[in-house]
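K.L.:
One structure coming up, written as C-alpha cells, with questions to follow.
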Amino acid sequence: MEKDQGEKAGLKKRLHEIIFEADTPMGKLFDVVLLVAILLSVLAVLLETVESIRIKHEGLLNVFEWGFTILFSIEYLLRIWLVRKPWKYIFSFMGIVDLLSTIPTYISLFVAGPQYLLVIRTVRLLRVFRVLKLTRYLSEANVLKNALRQSAAKITVFIGGVVVLVLILGSLMYIVEGPGNGFTSIPASMYWTIVTITTVGYGDITPATTFGQTIASIVMLLGYGIIAVPTGIVTAEMAFSKKDESISTQSCMNCSREGHDADAKHCKYCGESL
C-alpha cells in the first residue's frame, strides 16, 4: 500500500515537472507541443470564419476544434489533479484562461457562436517565456506587474476624476448644442465627450454653435494632458520597482505560484520544497 502511494506521489511529481515547468527536456517538449497545438487551434477558429473555407472544409474544421478542445480539457484536469491545492490553480490568472479556452466549444452545443471565443487560447502563448527560458523577460514582466499593482489606486482615483469631468462636460454640451445638433441626450453627449477627450474623434456628432466648438477645443486640449497622466503614474512606479535579476521557471506543487529566484530551494509563498 505504501509502495503504491509512493509510486503515485513520484508519478505526480514527474508529471508536475513536465506540465508545469520547463527546466527539464520533457517539460520543455511538452510546452513546445502545447504552444503548437494552441496556434493550430486558433488558426482553425480563424479559418472557420472565412465562409468559402467553412463551406468546403466544415467537417474537418469541426474535427480539429473538438480534438483540440478535448486535448486542452484533459490537460486542464491534469493540472488540477497535480497540485495539492487545486483551487489555487483554478482561480489563478492562467487557470481561468485555461478554463475559458475549453468551455466555449461545449457551450456551442446549446448556443451558436461561442466557439469563436476560443481565440482566448492565444493568451496561453504567454508560456513561451518559460519554454524559451527568457528569464530576463520574466523579470521585466514582474517589474511591470508590480508597477501596475502599486499605481492601481492612483489610476482608479484618476479614472474617477475623468468620469466626473465627462459627466459635467457632457451635460454642458447637451445644454449648449441640444438635440438639433445631434446631442440628443446627456448619455449621447457623454459619448461625444469620451470620444473627443481620448482624441479618437469619430465625427458622427459635431458641435455647430460657436460656444460648443469652443468647449470642444478645450476638451481636445484636455485630452492630451489626460492621456499623459496614467503613463506618468505607471512610469514613476516602474522607476521605483525592484527588479528581480534572476527568476527560474519553477512552479510550486503546493500553491502553483511561480516567479522564484533561480537558486531558491523552497517556495517563497508557502515554504514548500521546490
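K.L.:
If I filter region 69-82 for residues that are within 19 Å of S273 (Cα to Cα) and exposed (fewer than 14 other Cβ atoms within 10 Å of the Cβ), do I get at least one hit?
P.N.:
Checked region 69-82: at least one residue is within 19 Å of S273 (Cα to Cα) and exposed (fewer than 14 other Cβ atoms within 10 Å of the Cβ).
K.L.:
Let me ask something else. Which of the residues spanning region 187-201 are under 30 Å from the mean Cα position of the chain (by Cα), assigned to a helix (DSSP H, G or I) and of a type outside the set (A, V, I, L, M)?
P.N.:
Selection gives P187, Y191, W192, T193, T196.
K.L.:
Working only within region 165-186, note down all residues that are hydrophobic (A, V, I, L, M, F, W, C) and either modelled with pLDDT under 90 or outside any helix (DSSP H, G or I) (or both).
P.N.:
Answer for region 165-186, where residues must be hydrophobic (A, V, I, L, M, F, W, C) and either modelled with pLDDT under 90 or outside any helix (DSSP H, G or I) (or both): just F183.
K.L.:
Next question, about the same structure. Can you work out which of the residues in region 1-47 that are among the acidic types (D, E) and modelled with pLDDT of 80 or more is nearest to the chain's Cα centre (by Cα)?
P.N.:
Narrowing region 1-47 to residues among the acidic types (D, E): 2, 4, 7, 17, 21, 23, 31.
Within this subset, residues satisfying the condition of being modelled with pLDDT of 80 or more are 17, 31.
On the way: E17: 25, D31: 19 Å.
Ranking the qualifying residues of region 1-47, first place goes to D31.
K.L.:
Taking the condition out of contact with any Leu (no Cβ under 9 Å at 6 or more places or on another chain), loosely packed, with under 14 Cβ neighbours inside 10 Å and part of a helix (DSSP H, G or I), does I55 pass?
P.N.:
Yes, satisfied.
K.L.:
Within the set of pairs 6+ apart or on separate chains, which have a first residue in region 260-274 that is surrounded by 12 or more Cβ atoms within 10 Å (Cβ to Cβ), a second that is part of a strand (DSSP E or B) and acidic (D, E), and C-beta atoms under 8 Å apart?
P.N.:
The qualifying pairs are K268/D261.
K.L.:
Determine whether Y202 is farther than 26 Å from L148 by Cα and surrounded by fewer than 16 Cβ atoms within 10 Å (Cβ to Cβ).
P.N.:
In short, yes.
K.L.:
A further question on this structure: Scan region 36-52 residue by residue and report those that are buried (at least 17 other Cβ atoms within 10 Å of the Cβ) and either of a type in the set (D, E, K, R) or out of contact with any Asp or Glu (no Cβ under 8 Å at 6 or more places or on another chain) (or both).
P.N.:
Those that are buried (at least 17 other Cβ atoms within 10 Å of the Cβ) and either of a type in the set (D, E, K, R) or out of contact with any Asp or Glu (no Cβ under 8 Å at 6 or more places or on another chain) (or both): A37, I38, V42, E48.
The values are calculated or read from the model by the stated rules, or taken from the named source; none is laboratory data. This is a predicted model, so every value here is computed, not measured. Positions of Cβ are generated from backbone atoms using ideal geometry, with glycine treated the same way; all protein chains shown enter the neighbour counts.
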